[in-house]
């Protein structure tokens with residue numbers, strides 16, 4: 001008599017966002033293989049409550065300010081889920097010994113500590129939080145090697161590159177430069193966002209409503225703004241360097257408006273291997289959940305006979321200055337990447353509140369990278385979380401002052 005394998009126990013950080021929704025769809029589709037162990041949200045009480053009602057996780061973490069309201073609703077429904085605050089619950093559920101896999105989908109620097117906790121605990125980590133590697137890439141990768149944690153990217157671009165690499169390089173990125181594998185360059189594709197065919201002046205006068213609209217992907221407001229300034233691609237470039245153990249000049253960025261080719265690997269023999277598919281996050285998440293196997297994702301397959309011509313366009317780094325700034329930061333060092341990320345997060349939030357223009361985001365980031373107060377931090381390498389968070393905090397204060405004086 002054979003027994004079915006035990007379902008994989010999933011902790012889902014950032015359950016109320018778009019990555020969270022796609023992950024939950026996959027758990028529903030494969031309920032015999034995956035079980036939701038713990039979830040986190042921040043302020044969306046109703047959505048997190050709905051998740052708890054449907055999946056009955058052991059733990060749910062919510063923002064401190066919403067804890068009492070959420071707890072009362074959980075109690076009223078007589079659910080068994082234990083409720084924790086973000087301030088002390090995120091790291092706890094990320095490293096919990098009953099969790100097999102941790103999906104890290106919290107947006108921004110807020111997701112760094114819990115991602116690092118999951119890596120320190122040796123988990124299988126499905127990484128969507130690119131800021132964790134932008135701010136602490138060396139620390140996260142070094143820790144993963146020490147603990148045996150497996151980091152699988154679920155950003156569509158990094159997941160695509162991962163799929164196009166030989167198995168030996170998926171297992172060990174330190175082999176990337178060995179000649180027998182023939183890797184020439186990694187290529188990240190970018191949609192170009194809502195302003196690809198708009199002028200700089202049109203970007204400068206863009207409304208918040210225009211900037212939170214994306215032609216191909218359904219994402220949260222912050223990520224959509226980053227996509228439309230191409231900062232998102234800059235952050236992904238930094239992330240790719242850490243994930244795959246390559247230098248900034250070994251990663252190219254090409255605009256591909258159709259979002260059918262999700263990224264590519266160029267080989268020395270002239271071959272390009274590309275991963276293609278309908279733009280739906282369930283594909284990379286499902287690939288990582290089941291890795292090294294594959295499962296049905298519920299994604300509508302490409303119809304090759306209905307596809308229009310595919311375009312590939314060189315980015316204009318004057319118009320999309322955030323991409324150039326990200327390359328500059330990666331070349332400078334760890335400190336510069338922390339500064340880039342923190343300044344961008346503050347600037348995007350200010351734009352979403354109507355305090356600055358869309359094009360001011362790049363200006364604020366550039367000014368933070370050049371401010372005298374932070375000059376000594378640019379090339380530093382940070383080996384512990386406290387120092388990283390301290391610099392991040394200082395950067396955010398400086399960026400806020402710049403916004404105040406605009």
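Listing for the model above:
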{"item": "Span from the the range 259-293 Cα centroid across to the the range 1-56 one, whole angstrom", "result": "24 Å"}
{"item": "Per-peptide average of other Cβ atoms within 10 Å, ordering 327-340, 134-147 highest first", "result": "327-340, 134-147"}
{"item": "Mean ellipticity per residue at 222 nm, deg cm²/dmol - from DSSP H runs of n ≥ 4 across the chain, formula -39500 (n - 2.57)", "result": "-14000 deg cm²/dmol"}
{"item": "Candidates 378, 90, 304, ranked by Gaussian network fluctuation over the chain, Cα under 10 Å, top entry", "result": "304"}
{"item": "Peptides ranked, highest mean first, by Cβ atoms within 10 Å: ranges 251-258, 305-312", "result": "251-258, 305-312"}
{"item": "Relative contact order computed over the range 8-153 (Cα-Cα under 8 Å; 6+ residues apart), in percent", "result": "22 percent"}
{"item": "The range 8-153 - Debye-derived log10 I(q)/I(0), Cα point model, q = 0.16 Å⁻¹", "result": "-0.77"}
{"item": "Full-extension gain in nm, residue 78 to residue 305, via 0.36 nm per residue minus C-alpha separation", "result": "76.5 nm"}
{"item": "Cα centroid separation, the range 162-222 to the range 57-85 (Å)", "result": "36 Å"}
{"item": "Contact order relative to length of the chain, as percent, for alpha carbon pairs under 8 angstrom and 6 or more apart", "result": "14 percent"}
{"item": "Most fluctuating residue given options 262, 214, 158, as computed from a GNM of the chain linking Cα atoms under 10 Å", "result": "214"}
{"item": "Fluctuation leader among 87, 263, 363 - the chain, Gaussian network, Cα springs under 10 angstrom", "result": "87"}
{"item": "Exposure proxy order (Cβ contacts within 10 Å, fewest to most) of 176, 203", "result": "176, 203"}
{"item": "Ellipsoid equivalent to the chain - semi-axes via the Cα gyration tensor, in Å", "result": "31, 27, 22"}
{"item": "Inter-site label distance for residue 393 and residue 177 at 7 Å from Cα along Cβ, in nm", "result": "3.7 nm"}
{"item": "Ordering of 110-119, 29-38, 70-79 by burial proxy (mean other Cβ atoms within 10 Å per residue, highest first)", "result": "110-119, 29-38, 70-79"}
{"item": "Relative contact order %, the range 121-249, counting alpha carbon pairs below 8 Å whose residues are six or more apart", "result": "28 percent"}
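Values in this text are rule-based calculations from the coordinates and carry no lab data. In this text the structure is predicted, and so the values were computed from the model without any measurement. Virtual Cβ from ideal backbone geometry, glycine too; neighbours counted across all protein chains shown.
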